[in-house]
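Working notes for the structure below.
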Amino acid sequence: MTVTSRWIGALIAGLALAVAVPALAAADPATPAQVGRWGSVLQWPLQAKHMILLQTGEVLVWASQANADPHLWDPVADPTGANMRPVPFPAGDLHCAAQVTLADGRVLVVGGQNVDTHIGIPVTAIFDPVTETWTRGRDMHFARWYPTLTVLADGRVMVSSGDQPDGTGGYVRVTTPEIYDPSTDTWTDAAQPVTQQYLYPFMYQLPGGSVFEAGTRYQTQFFTPGAAGASGTWAAGRSAPFSTDSYSESGVMYAPGKILRTGGGDPAQDHTAVIDTNVADPTKAQWRLTAPMNHARRRMNTPLLLDGTVLAVGGTTVGNNPAYAVRTSEIWDPATERWTDAAPLTDPRMYHSTALTLPDGRVVSAGGQVTAAGATEDAPTSTSLQTTAEVYGPPYLFKGPRPAIASAPARSGYGAALPITLGDATTTVVKVALLRPSGVTHAIDMDQRYVPLDFTQSGATVTATTPSSPYRAVPGWYMLVVVDAGGVPSVASWVLLGTGAAVQAPGSPAPIAPAATVAATATITALTPTVIAAGDTVDFASSWTGPPTSFAWTFGDGGTSGAAHPSHRFTAPGHYTVGLTVKNARTPQGSASNTLVVDVVAGGTGTGTGTGDPGTGTGDPGTGGSGTTTPPPAAGPAPAPAPAPAPGPELPGPAGPVAGPATATSGVRSRQTFTAVAHASVASRGAASTAVLRLGQGRGPAGISRRAFVSFDVSGLGAAPARAVLRLRATDGSTDGGSVFAVGTGWAPAGLSWTSAPSITGASLASAGATTRRRWVELDVTRAVTGDGRVSFGLASTSADTAAYATAGAGAPELVITPATVAAAPAADLDAAPRSGTGPLTVAFTDRSVGATSWAWDFQGDGTVDSTQRNPRFTYTRPGTYEVRLTARNDAGADVATLDGRIVVAAAGAAGATRRFAPVADGSISSLRPRATAGAARTLGVRQGVTGAPETLRSYLRFHVAGVRGVPASARLRLYVARASSDGGSVFPVTSRWTERGLSWSTAPGLTLPSLASAGPTAAGTWIDLDVTRGVAGDGDVSFVLSGTAAQAAAYAAREDAAHRPQLVITSARGTTARQARVRRAHLASLLAPRPSLVCPLGHDGELAL
């Protein structure tokens, strides 16, 4: 199989991303090759509560029925989502449902919501990505809300958990799993009722044959399915090291039988644990805690990337308040089992957000919901629904050229050789893998799995071996990728895995009947102009409601067709009415008709027979593939691996792998797009045509060969470009889209003929491979463009399977040129320490700019340049608050950055003066993760572990006090309550010999009894004041620890929350003496002196040191 043409542009994704998206925030000095880059915020027509990737490369998106109908998004043809196509499902509200991809590529969606939360529905819905239509399958035996679907090794699908009505106005958890057989459209109860499951449980088909419930409870269990119609059995597994609820945790099978669990809880936790079930008895497999996330988060998403790493994106630290959103992404590497920070999102992505990996390696993160005023999770207002999206380029897109798959099989069985041809024989491949496309909602992805393959390489030929069993990779469509020695993956190629018994024949569920008052409808669309010259061809497309069983076209000149999307040649001038009748024998409103007018004017000299050009075969008229007009040809070759969906509105070509304006970043290349100034097709018999670019090789004496030509006028380059791509939009599918050649420019469409057309000789510039109807082909023609001026290309094919490309409208040919690298201005950034203290105060400034060659510092915010050193020091002698600016320059320009926060210089404290200090360090630690460091979370947790929930949380704060004369009259610790609790904890003095990055359960200072103050019950969204006067002896560092006695966790805003950061409020005393200060310091020193710890067991593997 040739790499799908729609994704070829992503082979330069690293470059295009650098052009098409904004630069990272100046505060983050990391480069895209280290952290990746997010694109601009996109406005979508709906909230992406559910997303599933289709083998067509499109994404099916839906939310609640009240928000919008399901939509289809084409990331290549419609990169911003502005032209999403609605695909309504009229038989139920599918939000809060479960979704997976069946073995044949159709999407199975079950369950949903009947108006109220927790009130599930029994609906079974199936979406066909080829015809873009829904069918209604047989209902489940149980209504379900928040269930999980799991594709089994034999192609059947298991549904678990979910809530259903209890008959009294309430709801009850469903404890009986069911298994769906798509070949018979039947449901079977899978087993006797199971132990109570949480909603959206993590369920995975394991290589050993069983299905593993890996989360989100402590208790895990294994299910062994029975044969068709027979019940299965359950067995208990080992307890996980943590448990979460409220569908807040994420999990992923990152390799066959290896599972990752991370995050969740409220307040959020940073736990990460893995398990390897590839042992003789999986029920004995043990969980292992690994390095925690750098940012505790809940209700995030964890899509697998093309290189096998895992991206954690979005989430919050507490609730669904955007003030506690976690925007910084992280990437988990299975090789090191550690998380690394990645680029931050712009919008918060929290509850009801989704994220999945696209075939070109980018990640789309979309949707979300915030608890706005008057809104709750269960009853969101329209303003609380997020209808935006962002697209992320992982670091591997910025690490150099990508390997390319030139060809690979479109399907394969198990344990079979999978020959792959690379685009470059010098590429060294270090990994070949299959990635099952995502089906994601509510922090759970029910479909994705990453399957590395064994392989050998000889030059450009890589021979991989598919998994030996469907238990390692369940049957269905997968993305096939190769990864080179630099860790850079290719654009994915699609392969259908599973032949024989493992892949069930698709069933035929009863179609969805249209609404009783609305008959089936049919719509005709002309993809090419309808005012044409005699001898020209018009390409038609159809769309409909209800699953069609037949199409009947009449063209007004005696020609007919039974294809869904035919082409027809009109040979004589006239006014033709084209008609289409769509039939569906299984619905009462079984047919619908529509018409369209074509005007054929004199001027063409075509002498064709009116039978149209050969298509790719008749096929199933309901598949949406192109066909032919009467008389039909014999069946052609097998369809292209990625079948074309039924057409919707005309779609523009992609503006680049990530939408958004070009910005000046290091090494920017601003792309230019040129439209064709001339185009024509010639045939070995007959006149030239400008309606469609057709090319193909005639067979036999009567065969007609065709070639196409296109010219562009290029300007504004001044030199050879870095890249030039010819973009053509296929109006028909073909097994060979032809090759492109550089030709002479001395031709014009008028009078062009087979004999007068430019010669096509020499080596081609690029080849298209197989094409798919209404999808773009991108051909690298860089070698033919040397600068400004006219450039012409010839298109030819050696195949009898004619290829056709559009010439007008949104599908007109384009030449997309990336100029050679231009210089870019620097990105300014700075840091300072210390940022507060009593004058005179000396501050050390650090330049963190990227690309700068000179520096100008303004330390006092007065517009005066105080230093031109790169890393200067400055002494402030007068009390005040100072803004600091850095201007960074290079030959290409300048950039200005302002210090985040100001320099505060205090005078010696006056009696009765009150000063407020922000913490210089803070963090929370957990007894379950004794070596995990506190990190930079936005909340500080307080909790006492109990039996069954043993985790204890403590939080530490350190302040630097300056300008206070002696012992203060009062000192109050002010905290903002992020989560209410029956016990907000107590505050204790501790030594300041700790750092935020080094703070962990095993390194933290112990508590010093007695406490300074206790919070008592707390209410969310309020401030509390704790009297800590006895813990402050004057200027210097002072630290406190918060510890609680309640199992109900409390949470306070941390210093990362700028609007609600903790405060130490100190009022200076009148007439305090140096002796009083010494006494207070000595008392504190005695309290904080090292001493034996009193140890209280937690009933777990951690200890509480008092």
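The values are calculated or read from the model by the stated rules, or taken from the named source; none is laboratory data. As the structure is a computational prediction, the values presented were derived from the model and not from experiment. When we count neighbours, we look across all protein chains shown, and the Cβ atoms used for this are built from the backbone with ideal geometry, even at glycine.
Among the strands (runs of 3 or more DSSP E) contained in the range 678-719, which hold 3 or more residues that are farther than 20 Å from Thr798 by Cβ?
On the way: elements: 678-683, 692-695, 706-714.
Where strands (runs of 3 or more DSSP E) fall fully within the range 678-719 and carry at least 3 residues being farther than 20 Å from Thr798 by Cβ, they are 678-683, 706-714.
Here the range 424-460 is the region considered, the condition is being more than 29 Å from the chain's Cα centre (by Cα) and either in the same structural domain as Val100 (by TED's automatic domain parsing) or in a strand (DSSP E or B) (or both), and the residue that is surrounded by the most Cβ atoms within 10 Å (Cβ to Cβ) is Gln457.
The test for being closer than 20 Å to Glu390 by Cα and among the acidic types (Asp, Glu) does not hold for Asp333. All conditions but one from (1) surrounded by fewer than 23 Cβ atoms within 10 Å (Cβ to Cβ); (2) on the phi > 0 side of the Ramachandran plot apply to Ser161; the one that does not is (1). Quick check on Met140: is it in contact (Cβ under 8 Å) with a residue 40 or more places away in the chain and assigned to a loop (DSSP other than H, G, I, E, B)? The answer is yes for Met140.
Which of the residues that make up the range 768-820 are among the hydroxyl-bearing types (Ser, Thr, Tyr) and touching an Asp or Glu at 6+ places or on another chain (Cβ under 9 Å)? Please lay out each step first, then the result.
Step one: filter the range 768-820 for residues among the hydroxyl-bearing types (Ser, Thr, Tyr), giving 771-772, 782, 786, 792, 797-799, 802, 805, 807, 818.
Thr771, Ser797, Thr798, Ser799, Thr802, Tyr805, listed by residue number.
Residues in the range 442-455 that are at pLDDT below 95 and of a type outside the set (D, E, K, R): His442, Ala443, Ile444, Met446.
Looking only at residues that are among the β-branched types (Val, Ile, Thr) and assigned to a loop (DSSP other than H, G, I, E, B) in the range 735-756, which one is farthest from Ala722 (Cα to Cα)? First the steps, then the outcome.
Step one: of the range 735-756, the residues among the β-branched types (Val, Ile, Thr) are 735, 740, 743, 745, 755.
If we keep only those that are assigned to a loop (DSSP other than H, G, I, E, B) as well, we get 735, 745, 755.
Numbers: Thr735: 30, Thr745: 22, Thr755: 35 Å.
My answer is Thr755.
Check whether at least one residue in the range 1020-1033 is surrounded by 13 or more Cβ atoms within 10 Å (Cβ to Cβ), in the same structural domain as Gly966 (by TED's automatic domain parsing), of a type in the set (Lys, Arg) and closer than 24 Å to Tyr324 by Cα, and report yes or no. For the range 1020-1033, residues surrounded by 13 or more Cβ atoms within 10 Å (Cβ to Cβ), in the same structural domain as Gly966 (by TED's automatic domain parsing), of a type in the set (Lys, Arg) and closer than 24 Å to Tyr324 by Cα: absent. The single condition among (1) over 27 Å from the mean Cα position of the chain (by Cα); (2) surrounded by 23 or more Cβ atoms within 10 Å (Cβ to Cβ); (3) farther than 20 Å from Ser231 by Cβ; (4) among the hydroxyl-bearing types (Ser, Thr, Tyr) that Tyr180 does not satisfy is (3). Checking each residue in the range 977-1008 for being surrounded by fewer than 19 Cβ atoms within 10 Å (Cβ to Cβ) and either without any contact (Cβ under 8 Å) to a residue 12 or more places away in the chain or of a type in the set (D, E, K, R) (or both) picks out Arg993, Glu996, Arg997, Thr1003.
Scan the range 793-817 for residues that are surrounded by 21 or more Cβ atoms within 10 Å (Cβ to Cβ) and either over 20 Å from Ala770 (Cβ atoms) or not aliphatic (A, V, I, L, M) (or both) and the total you get is 12.
The requirement of being in contact with a Ser or Thr (Cβ under 6 Å, 6 or more places away or on another chain), farther than 25 Å from Arg993 by Cβ and in a loop (DSSP other than H, G, I, E, B) is fulfilled nowhere in the range 881-889; no residue meets it.
Tell me which strands (runs of 3 or more DSSP E) are completely within the range 253-305 and hold 1 or more residues being assigned by TED's automatic domain parsing to the domain that holds Gln369 and within 19 Å of the chain's Cα centre (by Cα), or say none if there are none. So that I can check it myself, show each step before the final result.
Details: elements: 258-262, 272-276, 287-289.
Counting at least 1 such residues, we get 258-262.
Scanning the range 810-818 for residues that are part of a helix (DSSP H, G or I) and either touching a residue at least 40 places away in the same chain (Cβ under 8 Å) or touching a helix residue (DSSP H, G or I) at 6+ places or on another chain (Cβ under 8 Å) (or both) turns up at least one hit.
Residue by residue, here is whether (1) small (Gly, Ala, Ser); (2) surrounded by fewer than 24 Cβ atoms within 10 Å (Cβ to Cβ); (3) out of contact with any Gly (no Cβ under 8 Å at 6 or more places or on another chain) holds:
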{"site": "Ser64", "(1), (2), (3)": "yes, yes, yes"}
{"site": "Pro86", "(1), (2), (3)": "no, yes, yes"}
{"site": "Gly105", "(1), (2), (3)": "yes, yes, no"}
{"site": "Gly111", "(1), (2), (3)": "yes, no, no"}
{"site": "Gly120", "(1), (2), (3)": "yes, no, no"}
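So if I check each of Gly966, Gly1006, Gly984, which one is in contact with a Gly (Cβ under 6 Å, 6 or more places away or on another chain) and not in a strand (DSSP E or B)? Steps first, answer last, please.
Working: Gly1006 fails: in contact with a Gly (Cβ under 6 Å, 6 or more places away or on another chain); Gly984 fails: in contact with a Gly (Cβ under 6 Å, 6 or more places away or on another chain).
Of the residues listed, the single one that is in contact with a Gly (Cβ under 6 Å, 6 or more places away or on another chain) and not in a strand (DSSP E or B) is Gly966.
Return yes when Thr463 is in contact with a strand residue (DSSP E or B) (Cβ under 7 Å, 6 or more places away or on another chain) and assigned to a loop (DSSP other than H, G, I, E, B) and no when it is not. When the stated conditions are applied, Thr463 does not pass them.
Of all residues in the range 757-785 being of a type in the set (Ser, Thr, Tyr) and outside any helix (DSSP H, G or I), which is nearest to Ser689 (Cα to Cα)? So the residue we want is Ser759. Consider the range 878-918 and keep the residues that are of a type outside the set (Gly, Ala, Ser) and over 27 Å from Ala828 (Cβ atoms). The one that is modelled with the lowest pLDDT is Thr914.
Return the total of residues in the range 840-863 being β-branched (Val, Ile, Thr), free of Cβ contacts under 8 Å to residues at least 40 places away in the same chain and within 21 Å of Pro826 (Cα to Cα).
Start the filter on the range 840-863 by keeping residues that are β-branched (Val, Ile, Thr), which leaves 842-843, 846, 850, 853.
Now restrict to residues that are free of Cβ contacts under 8 Å to residues at least 40 places away in the same chain: 842, 846, 853.
Filter again for within 21 Å of Pro826 (Cα to Cα), leaving 846, 853.
Final tally of qualifying residues: 2.
Restricting the first member to the range 960-976 and to residues that are more than 24 Å from Ala1015 (Cα to Cα) and assigned by TED's automatic domain parsing to the domain that holds Ser1039, and the second to residues that are of a type outside the set (A, V, I, L, M) and part of a strand (DSSP E or B), the beta-carbon pairs closer than 6 Å and six or more apart or on different chains are Ala962/Gly837; Ala962/Thr838; Gly963/Thr838; Val964/Ser1068; Arg965/Ser1068.
When every residue of the range 1014-1034 is checked against the conditions, at least one turns out to be part of a loop (DSSP other than H, G, I, E, B), under 45 Å from the mean Cα position of the chain (by Cα) and over 21 Å from Gln944 (Cα atoms).
Using the structure shown, decide if Phe222 is surrounded by 24 or more Cβ atoms within 10 Å (Cβ to Cβ) and either touching a strand residue (DSSP E or B) at 6+ places or on another chain (Cβ under 6 Å) or not assigned by TED's automatic domain parsing to the domain that holds Ile119 (or both).
On the way: surrounded by 24 or more Cβ atoms within 10 Å (Cβ to Cβ): no; either touching a strand residue (DSSP E or B) at 6+ places or on another chain (Cβ under 6 Å) or not assigned by TED's automatic domain parsing to the domain that holds Ile119 (or both): yes.
It is false that Phe222 is surrounded by 24 or more Cβ atoms within 10 Å (Cβ to Cβ) and either touching a strand residue (DSSP E or B) at 6+ places or on another chain (Cβ under 6 Å) or not assigned by TED's automatic domain parsing to the domain that holds Ile119 (or both).
The set of residues in the range 706-739 being in contact with a Phe, Trp or Tyr (Cβ under 8 Å, 6 or more places away or on another chain) and of a type in the set (Val, Ile, Thr) consists of Val710, Val714, Thr731. Checking the stated criteria, Thr1045 turns out not to satisfy the condition of being surrounded by 17 or more Cβ atoms within 10 Å (Cβ to Cβ) and either part of a loop (DSSP other than H, G, I, E, B) or modelled with pLDDT of 60 or more (or both). Is it the case, given these coordinates, that Gly112 is at positive phi and at pLDDT below 90? The answer is no for Gly112.
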